Amino acid sequence: MTRRTFGWFAWPSVAVMSVLMVFPLVTTVFLSMTRIFLRDLSSREWIGFDNYTEILQDPDFWSAFRLTMLFVAIVVPAHVVLGFGLANLLDRVTRARGFYLAALLLPFIVTPVVSTLLVRDLFDRGGLLSWLWEVVTGDPFVIHAGNVKWVIILHGIWSITPFAVITFFAGMQTLPEERIEAADMDGAGFWAKQRFVVIPHLRSLIIFVLLITIMDAYRVFDSSFVFGQSVGKSAHALSVYSFNTALNAQIGRIGKGNAISVLMVIGIFVVLIPFLRKSYQEQIADR
Amino acid sequence: MAEVRLDGLTKVYPNGFQAVTELSLELTDGEFLVLVGPSGCGKSTALRMIAGLEEITEGDLYVGDRRVNDVAPKDRDIAMVFQNYALYPQMTVEENIGFPLRLRKIKKAERKQVVAAAAEVLELTEQLDKKPANLSGGQRQRVAMGRAIVREPALFLMDEPLSNLDAKLRVQMRADIAGIQRNLGVTTFYVTHDQVEAMTMGDRVAVIKDGVLQQVAAPEDLYDTPDNVFVAAFIGSPSMNLYEAEIVARGSGFAVEMGANTLALDDSVIADRPGLRDYVDTALVVGIRPEDLEDGAVSRDHPADRQLDATIDIREALGAETLMHFALEATMVDSGDPDALDELGEEGASRCTGRFSAATRARPGDRIKVNVATENLHFFDRSTHLAVRT
Ligand SMILES: Nc1ncnc2c1ncn2[C@@H]1O[C@H](COP(=O)(O)OP(=O)(O)O)[C@@H](O)[C@H]1O
Ligand SMILES: [Mg+2]
């Protein structure tokens, strides 16, 4: 393909990408350098990096940042391990597979806000888990500023794991039976088979799941927002912090909110770049 | 290395299908035994029972003196080469071959040595750092063998290992595998549906049909003295021609009547097989190997009472010889070989295949005399299909 024909093929998508991505991004960066309020969008003042310096000195930002990082750092690996394990179990089930699959998928299908409310009710005073907690420890479980992050993380794992389960389960169906049997004959036990046969076979899917869920976990919003309603700022992740800053009716600081978004975009790039680079290099090497 | 004994192995699948019935075989130390039969006759099932990949429904399996029915595959001291090689794609050739050793916690340096030695035998030394995806079919095949031989197992199993190779490479690998096996002296149980492979590679060949063992013998014996109609038809290419016939007294001797054709028999034929006297005036099955047929115009001093009348149908000149297919007025017998059925040709017409000398001038449509070496005829009971040999 010549460069010219490539251009012909590529331009529609380049155009769409520009409209859908570059334009909003530029607008966001522009707004992040202005002082502009939700209640009066007509008055706008150029203030350079003032929003950024303010954010970086805001303890609420750092608290939201820590929560988000903790969330990503725990939810992503935990759900991959859990998803792999469950996919393995599902693969072993021969009867009523559809039923188990549906049951596993449930948290993924339910609207995030609803699933958060569900979890909140479970943990609330009088909720099932709270009651169980009381049976075991003697005290009722109460969500408060100190433990809310763990509830958010648990909810995160619970709601995203199905994605890994179906992806890995689908991948396992394409693993030739012969290869497992060869490993059997070669003397591989359960763990060796996972390590040398199953995981290498799922490798590209694992990377795919990691990439998607890192991005997804980084944007955690619903559960953080819902729990924030009851316990306040300690439940806030970055996206909720940004949302509250920009769109809260009382403050409505659109400029500062956009600055937070810009910082978040930079953050996700920093997290993902090594990843993208590695998988790109591997693709090249495999060719 | 050891003797291996299959004692009445039976496999009934969970759906109730009985794939193998009371299979009994003994492999002597270092022997190359080939199990051959048409597709779907239970060869893989038998092999997988030995490997431990499929549970044995009934019967006993011994490796050496040890009964291994309930031993896990990895502890049976048996290695297997799979039809599709089943290599580990992420590992190099060296890692693939060394994998069983790695699992046995053998030190890296020693592993390297053993793998290098195996690679030498298999002519894979140049390929050690490559991944399976970058190898040819034959090389992958050899890697799979390497992975099996480094363990020095008591028994080597191979399930149609050549079926994914092209015809030319198959001939090459046939010789290679047989050679390597002889070098290593490891007891080998080899499964194939290809009777040529079976005949060329095996010390002994076991023929199986519908899960039931038909005959075990050295290749020559299998060919010369098949126990029944199925083995007679299955072994040899082109297949033996089989017709319904009757033995009749004729003057002082005997003759065989096949439809409109009558062939005089040597006295020696009856003398060697006195049992045939019981079949006089009784329907039986006669088998004629294609090589026992010759164009009457090529070899002229053949007795006229041992000739068939035939009309040439198809001529296949192979250079050294010419395969001639002709119509015969006689009733063919179904040997039970599913692959042979489609050779029956159009309905009603009985086909016969002869392996003529290349000197034959006969052309399709010609009406010719065909010489029959009647001293080499095979006889089988019509209802049991068993050979009449005594
Ligand atoms: N898991 C199974 N369940 C039921 N029937 C099976 C199973 N595996 C194989 N069979 C049947 O058993 C017969 C023998 O199969 P197989 O041993 O693979 O034959 P071969 O290797 O000689 O071609 C076939 O008819 C096949 O359909
Ligand atoms: Mg098979």
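The values are calculated or read from the model by the stated rules, or taken from the named source; none is laboratory data. Everything numeric in this text was worked out from a predicted model, so none of it was measured. So basically every Cβ, Gly included, is an ideal-geometry build from the backbone, and we count neighbours across all protein chains shown. For the accessible areas, the whole protein counts, side chains as well, though only heavy atoms, and no ligand, DNA or RNA atoms are used. Shrake-Rupley method; radii C 1.70, N 1.55, O 1.52, S 1.80 Å.
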To the nearest whole percent, what portion of all C-alpha pairs in chain A is separated by more than 37 angstrom?
31
How large, in percent, is the carbon and sulfur part of the accessible surface of the range B:4-228 at a probe radius of 1.4 Å?
45
Buried area at the A-B interface (accessible, heavy atoms, 1.4 Å probe, summed, Å²)
1700
Per-residue SASA entry for A:Thr161, accessible area with 1.4 Å probe, Å² rounded to 10
10
For B:Lys131, go through the lysines and keep the ones whose alpha-carbon is under 26 Å away, minus same-chain ones fewer than eight residues off.
A:Lys193, A:Lys278, B:Lys74, B:Lys105, B:Lys107, B:Lys108, B:Lys112, B:Lys168
What is the sum of charges, Lys and Arg at +1 and Asp and Glu at -1, for the other residues whose Cβ falls under 12 Å from the Cβ of A:Ser130?
-2
Rounded to 5, percent antiparallel among DSSP beta bridges of chain B
80
Answer rounded, prolate or oblate for the range B:241-381, using the Cα gyration tensor with square roots of eigenvalues a ≥ b ≥ c: rounded when a/c is under 1.5, else prolate when a/b is larger than b/c, else oblate.
oblate
Just name one of A:Asn147, A:Leu106, A:Ile55: the one whose Cα is farthest towards the positive end of the charge dipole of the range A:46-149 (beta-carbon charges, Lys/Arg +1, Asp/Glu -1).
A:Leu106
Considering Cα pairs under 8 angstrom that are at least six residues apart, work out the relative contact order of the range A:58-286 and quote it in whole percent.
28
Could the peptides B:218-226, B:351-359, A:164-172 be put in order, highest first, of the mean number of other beta-carbon atoms found within 10 Å of their residues?
A:164-172, B:351-359, B:218-226
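With the full set of protein chains in place, find how many percent of the accessible area of the range A:58-286 is carbon and sulfur; take the probe as 1.4 Å.
68
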Can you give the angle from 0 to 90° between the axis of helix B:137-149 and the longest principal axis of chain B, with both taken from C-alpha atoms, to the nearest 10?
60
Give the lysines reachable from A:Lys149 as a straight Cα distance under 28 Å; neighbours fewer than 8 places away on the same chain don't count.
A:Lys233, A:Lys256
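Which loop-located chymotrypsin sites (Phe, Trp or Tyr not before Pro) does the range B:1-87 contain, where loop means any DSSP state but H, G, I, E or B and the Cβ has at most 16 other Cβ atoms within 10 Å?
The qualifying sites are B:Phe17.
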Sorted by average packing, counted as other Cβ atoms within 10 angstrom per residue and highest first, what order do B:98-109, A:273-284, B:5-16 take?
B:98-109, B:5-16, A:273-284
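Is it possible to state the helix-based mean residue ellipticity at 222 nm for the protein assembly as shown, with each DSSP H run of 4+ residues giving -39500 (n - 2.57), the sum divided by total residues, to the nearest 500 deg cm²/dmol? What is it?
When only DSSP H runs of four or more count, the value is -14500 deg cm²/dmol.
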Shielding score for B:81-88, defined as the mean number of other chain Cβ atoms within 10 Å:
5
Sorting B:Arg111, A:Arg92 on solvent-accessible surface, 1.4 Å probe, most exposed first, gives A:Arg92, B:Arg111
With θ taken as phi - 60° and the coefficients 6.51, -1.76 and 1.60, list the Karplus ³J(HN,Hα) couplings across the range B:102-110 in order, rounded to whole Hz; mark glycine and proline as x.
4, 5, 8, 6, 7, 4, 4, 5, 5
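Taking beta carbons within 10 Å but only from partner chains, what does the mean come to for residues B:142-149?
Across B:142-149, the average partner-chain Cβ count within 10 Å equals 1.
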Could you state the accessible area per residue of the protein assembly as shown in Å², with a 1.4 Å probe and every protein chain left in place?
50
I'd like to verify something in chain A: which complete DSSP H helices, judged by Cα projection on the helix axis, reach 24 Å or more and average at least 1.6 on the Kyte-Doolittle scale?
A:199-218
Would you work out which of B:Ser357, B:Ser335, B:Ala109 lies farthest towards the positive end of the dipole of the protein assembly as shown, given +1 charges on the beta-carbon of Lys and Arg and -1 on that of Asp and Glu, about the Cα centre?
B:Ala109
Just to be sure I understand the interface: list residues from the range A:171-188 that lose 50 Å² or more of accessible area between the chain on its own and the complete protein assembly, 1.4 Å probe.
A:Glu178, A:Arg179, A:Glu181, A:Met185, A:Asp186
Taking each residue in A:192-201, count the Cβ atoms of any other chain within 10 Å of its Cβ, then average. What number comes out?
2
If I model a spin label at A:Arg39 and B:Glu329 as a point 7 Å from the Cα along the Cα→Cβ vector, what separation in nanometres do I get?
11.6
